1. With the requirement that a residue be part of a loop (DSSP other than H, G, I, E, B), surrounded by fewer than 15 Cβ atoms within 10 Å (Cβ to Cβ) and touching a strand residue (DSSP E or B) at 6+ places or on another chain (Cβ under 9 Å), what does the range 162-204 give you?
2. Given (1) at pLDDT below 95; (2) within 17 Å of the chain's Cα centre (by Cα), identify the lone condition not met by Asp156.
3. Kindly provide the set of residues from the range 124-150 that are of a type outside the set (A, V, I, L, M, F, W, C) and either more than 18 Å from Leu175 (Cβ to Cβ) or modelled with pLDDT under 95 (or both), ordered by number.
4. So in the range 206-215, with the set limited to residues that are open to solvent by 20 Å² or more (accessible area, probe 1.4 Å) and out of contact with any Pro (no Cβ under 7 Å at 6 or more places or on another chain), which one is farthest from Leu136 (Cα to Cα)?
5. Kindly establish whether Tyr220 is at pLDDT 95 or above and open to solvent by 60 Å² or more (accessible area, probe 1.4 Å).
6. If Ile233 satisfies all but one of (1) open to solvent by less than 70 Å² (accessible area, probe 1.4 Å); (2) part of a loop (DSSP other than H, G, I, E, B); (3) at pLDDT 95 or above, what's the number of the condition it fails?
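The values are calculated or read from the model by the stated rules, or taken from the named source; none is laboratory data. Because the structure is a prediction, the values reported are computed rather than measured. As a convention, Cβ positions derive from the backbone with ideal geometry for all residues, glycine included, and neighbour counts pool all protein chains shown. Please note that ligands, DNA and RNA were not included when accessible areas were found on the heavy atoms of the full protein model with its side chains. Shrake-Rupley method; radii C 1.70, N 1.55, O 1.52, S 1.80 Å.
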Amino acid sequence: MQYKKGNKFYDESDVFDTYIDHRKWNENPNKTIENPIFLELLKGINGNVLELGCGYGGIVNDLLKLGVDNYVGIDSSNKMIEYGNTLIEDSRVKLIQSNMESWEFGHSKYRWIISSLAFHYLENLKEILGLIHNGLESNGRLVFSVEHPIITSSIDLPREQGKKRDWKVDQYFALGARKQNWLGNHVIKYHRPIEEYWSILTNLGFRIEEIKEGCPDRKYFQSESEYERRKRIPIFLIMKAVKL
C-alpha cells in the first residue's frame, strides 16, 4: 500500500472527485466551521495576497469582496488549478500550479499570506514558514488553518464505519508523519502539537495575534444533531500571526 505526499495526493482522480463532492455538502465542516472563522480573522485584508495550497480558489470571491487588490494562489495539484481556472475570471486573480517548496516568495512582497488546511501535509514546515516570513511586508499578516492536533494524533486508529463519533488520541507529543486512509486513498500528514506551531512561529520572528480551535456556531448548521456532534471535539486549529 503506497501512501502519497500531499503534493501528489489531490491529482488522484478518485481523491479529487470525492473532495469536490465533499465541498458541495452544505454541512461540511469547512463551510460550517473553518470558513466563517477564517474570514473573521481576515477582516481588514488588502494589498497583495498569496494563498498557499489554494485548491481551486474557493475563497477568492470572499477575498475580493473584502478588498484584496491582487491575489495569487498556488497549489501543487494540476487538477485543482485547472478546475479553479474554469470557475474564476478576474484580472486580479492568478491561480498557478506550484508546490510551496519551489515557489519564489521574494522579499517583502505580500501584505498577507494565507493557507487553508495545507501545512499539515508539509514535512519541512519550519523552512516554509521562514520563507513566508521573508516574503511578507513589515507588519504583514499570516493566517492559516491546519487539522487540529487532536485529529492528527488520532489518525489511522481503528474506528467504526459511518460518521465518526469517538476520537482516540495517541502519541500526542510524538512529532512526525501519520499515515491516513482519506478521501478514498492513502496520504501522509504531519502531526504537531499546538506548542510546536507556537514555537516555530515565535522563533522565526512572528507575533501570534489569535488562536482559534474552531468552536462551532449554531447559525451555520441546518442540522441540530450535526451541530451537537461538532461541539464534541476541535477539528481545526486556526492561527493569525504578524511579522515583527
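1. Within the range 162-204, Gln171, Tyr172, Ala174, Leu175 meet the criteria.
2. Failed condition: (2).
3. Once the filter is applied, which keeps residues that are of a type outside the set (A, V, I, L, M, F, W, C) and either more than 18 Å from Leu175 (Cβ to Cβ) or modelled with pLDDT under 95 (or both), the range 124-150 yields His133, Asn134, Gly135, Glu137, Ser138, Asn139, Gly140, Arg141, Ser145.
4. My answer is Cys215.
5. The answer is yes for Tyr220.
6. (3)
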